[in-house]
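Before any comments, here is the structure.
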Amino acid sequence: MSNWSARLAEIGITLPPVAKPAGAYVPALRVGDLVHTSGQLPYVDGKLPRTGIVGIGPDFVDPEQAKALAQFSALNALAAVHDLVGIDNVVQVVKVTGFVASSPDFGGQPGVINGASELLGQIFGEAGAHARSAVGVAALPLGAPVEVELTVLVKPAS
């Protein structure tokens with residue numbers, strides 16, 4: 001299937017507007033038949049719904065909430081892909097790199113980034129199967145709990 005826009009509509013997902021870069025970079029860049037996105041924060045309606053460090057306990061962002069935020073980060077990355085080449089040109093999700101601002105004793109980064117991976121599987125089916133890294137970091141830009149970047153294979157340019 002390469003009518004991903006119809007699939008998004010079918011499952012009730014609307015891609016958000018592309019977040020404006022906060023620095024000297026572009027949201028996505030095509031190199032050959034690959035599109036690489038910049039790291040995307042979990043903006044919802046132009047704002048971060050939650051900031052902080054992911055961990056266990058009342059002073060931390062709950063891992064399940066962070067997992068949901070990883071979905072928003074993935075949607076923002078898909079929006080950058082769509083803005084550059086059109087979502088229907090995606091052939092395969094190749095790689096997901098997820099960063100989780102984590103407390104030193106938190107080791108659940110893979111579970112958090114599963115939010116992005118599961119969403120990509122829901123949208124793209126087998127074409128959403130990807131390689132992945134889930135990395136714990138001390139802090140992320142603007143205090144975001146998660147950040148996700150994608151690499152996708154797209155149809156050759158005509």
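The values are calculated or read from the model by the stated rules, or taken from the named source; none is laboratory data. None of these values were measured; they are calculated from a predicted model. Cβ placement follows ideal geometry from the backbone for every residue including glycine, while neighbour counts extend to all protein chains displayed. SASA here: full protein model, heavy atoms, side chains in, ligands and nucleic acids out. Shrake-Rupley method; radii C 1.70, N 1.55, O 1.52, S 1.80 Å.
Shown here: segment 52-140, whose C-alpha atoms stretch 42, 22, 18 Å along the first, second and third principal axes, sorted largest to smallest. Note on V44 and D105: their simple-model spin labels are 2.9 nm apart, each label 7 Å out from Cα toward Cβ. Using 0.36 nm per residue and subtracting the Cα-Cα separation, the extra length available between A68 and L29 on full extension is 11.5 nm. Backbone geometry of segment 45-58 corresponds, through the Karplus equation with coefficients 6.51, -1.76 and 1.60 at θ = phi - 60°, to 3J(HN,Hα) couplings of 6, x, 10, 7, x, 7, 10, x, 9, 7, x, 9, x, x Hz, x marking Gly and Pro. Of the beta bridges in the chain, as assigned by DSSP with both residues counted there, near 65 percent are antiparallel. Counting only Cβ charges, +1 for Lys and Arg and -1 for Asp and Glu, the dipole size of segment 88-153 around its Cα centre is about 100 debye. Surface composition of segment 16-158: carbon plus sulfur atoms contribute 57% of the solvent-accessible area (1.4 Å probe, protein chains only, all chains present). Mean-square fluctuations from a GNM of the chain, with a 10 angstrom spring cutoff on Cα atoms, peak among Q92, Q40, Q122 at Q122. Radius of gyration (Cα atoms) of the chain, expressed as a multiple of 2.2 N^0.38 Å: 1.00. The phi-based Karplus calculation (6.51 cos²θ - 1.76 cosθ + 1.60; θ = phi - 60°) puts the 3J(HN,Hα) values of segment 103-119 at 5, x, 9, 8, x, x, 4, x, x, 5, 6, 4, x, 5, 4, 5, 5 Hz, whole numbers, x for Gly and Pro.
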